[in-house]
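Heads up, the thing below is written out as structure tokens.
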Amino acid sequence: MTASTEFPLFVSAGDILTDLVRTDDSRWLSVPGGAGWNVARAVARLGLRTASVGALGRDYFSDAIWNASVAADLDMRFMQRVDRSPLLAVVHETHPPTYFFMGDNSADLAFDPSLLPAGWMDQVRWAHFGCISLVRQPLGDTLARLAADLRARGVKISFDPNYRNLMEHGYEPILRRMAALADLIKVSDEDLRLLFKTSDEASALAQLRELNRAANVLVTRGPETATLYVGDSTFESRPPRVEVVDTVGAGDASIGGLLFSLMSAPQRKWPEHLAFALAAGAAACRHSGAHSPTLDEVVALLEG
């Protein structure tokens, strides 16, 4: 556990939930998850002081997330417990993924930044936001205000829209708001098509970049070439080839890898940061579930 006198260098304030996955007609598997939580675990596993910021209930599902967070060495001072029901993502088909969310008045919506430890903002260097937490009110407005407060203090902001079906309507205002605050935006090619409702990736990317010309943008395309846009410069790289077991959480591992690289090795050039991010995503694909790769796993792929 992180020493009480130290605060995280990185926080992820995205969704924390339970994936309830149907394995056959009458059996379900519950798995701690959420894009924001996955990113926090990815950065922590690579070796930086990290917190997943949010609120949980006091039920079995929330206990499982809490225990997994402790095992991941996350700073538990940033995870609040409240007397509300859990947020569930009910995945009733896996090929292709078909899902809905349960949690109209669930614990995540009760997150209160004023209850976080005093002084933590003075040490944090990057903060990550994204996915469905931003479209669940009043949580979305709470997180957007937190992102603005952090940015005003000089903290760098990472944003991953990570498209889900809750964003089908009414997402544009928060997309614009968060993109304007971001130093780094990560999207997949699928995110771009769904967010901007077009099959023309170039057009969608142009619309995204127009929201904040100063933000760096990472576009991942599964096993195909990824592109990192930094100002007027463009860097491309292909992920290492691996035997894919599961792609769940690969995008979260990628952005976690990129953020870890930026924080731990600022002397690296942008192509090196990109290569590290893609190796982290590829390493995650070698395991079932949202695997958080170790630094050794990532380095092995970079050197392979």
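The values are calculated or read from the model by the stated rules, or taken from the named source; none is laboratory data. What you see is a predicted model, and the numbers here were worked out from it, not measured in a lab. Don't worry about glycine lacking a Cβ; one is built from the backbone with ideal geometry, like all the others, and counts go over all protein chains shown.
If only residues of segment 50-84 that are in a loop (DSSP other than H, G, I, E, B) and of a type in the set (A, V, I, L, M) are counted, the one that is surrounded by the most Cβ atoms within 10 Å (Cβ to Cβ) is VAL53.
One residue stands out in segment 61-97 among those that are more than 23 Å from GLN137 (Cα to Cα) and β-branched (Val, Ile, Thr): the one that is modelled with the lowest pLDDT, namely THR94.
Under 16 Å from the mean Cα position of the chain (by Cα) and either within 17 Å of THR220 (Cβ to Cβ) or not aromatic (Phe, Trp, Tyr) (or both): is that true of ASP296 in this structure?
On the way: under 16 Å from the mean Cα position of the chain (by Cα): no; either within 17 Å of THR220 (Cβ to Cβ) or not aromatic (Phe, Trp, Tyr) (or both): yes.
Judged against the criteria, ASP296 is not a match.
Looking at PRO240, PRO266, which is the one that is buried (at least 18 other Cβ atoms within 10 Å of the Cβ), more than 16 Å from the chain's Cα centre (by Cα) and not hydrophobic (A, V, I, L, M, F, W, C)? Show your work before the answer.
Working: PRO266 fails: buried (at least 18 other Cβ atoms within 10 Å of the Cβ).
Every option except PRO240 fails the conditions.
Screening the candidates VAL43, VAL31, VAL90 for the property of being touching a Gly at 6+ places or on another chain (Cβ under 8 Å), β-branched (Val, Ile, Thr), outside any helix (DSSP H, G or I) and touching a residue at least 12 places away in the same chain (Cβ under 8 Å) yields one hit, VAL31. For VAL11, the criteria (1) surrounded by fewer than 22 Cβ atoms within 10 Å (Cβ to Cβ); (2) in contact (Cβ under 8 Å) with a residue 40 or more places away in the chain hold in every case but one, which is (1). Scanning segment 17-28 for residues that are within 16 Å of the chain's Cα centre (by Cα) and either buried (at least 24 other Cβ atoms within 10 Å of the Cβ) or in a loop (DSSP other than H, G, I, E, B) (or both) yields a total of 2.
If you scan segment 149-163, which residues turn out to be exposed (fewer than 15 other Cβ atoms within 10 Å of the Cβ) and either assigned to a helix (DSSP H, G or I) or without any contact (Cβ under 8 Å) to a residue 12 or more places away in the chain (or both)?
Those that are exposed (fewer than 15 other Cβ atoms within 10 Å of the Cβ) and either assigned to a helix (DSSP H, G or I) or without any contact (Cβ under 8 Å) to a residue 12 or more places away in the chain (or both): ASP149, ALA152, GLY154.
In segment 85-125, of all residues being among the polar types (S, T, N, Q) and more than 23 Å from ASP75 (Cβ to Cβ), the one that is surrounded by the fewest Cβ atoms within 10 Å (Cβ to Cβ) corresponds to ASN105. Residue-level check: of (1) among the acidic types (Asp, Glu); (2) without any contact (Cβ under 8 Å) to a residue 60 or more places away in the chain; (3) closer than 30 Å to TRP120 by Cα, GLU168 misses just (3). If the condition is being touching a helix residue (DSSP H, G or I) at 6+ places or on another chain (Cβ under 9 Å) and either polar (S, T, N, Q) or under 18 Å from ARG27 (Cβ atoms) (or both), then segment 68-112 contributes SER69, GLN80, SER85, LEU88, ALA89, TYR99.
Total residues in segment 172-193 satisfying the condition of being in contact (Cβ under 8 Å) with a residue 24 or more places away in the chain and either over 14 Å from GLY130 (Cβ atoms) or of a type in the set (Val, Ile, Thr) (or both): the figure is 8.
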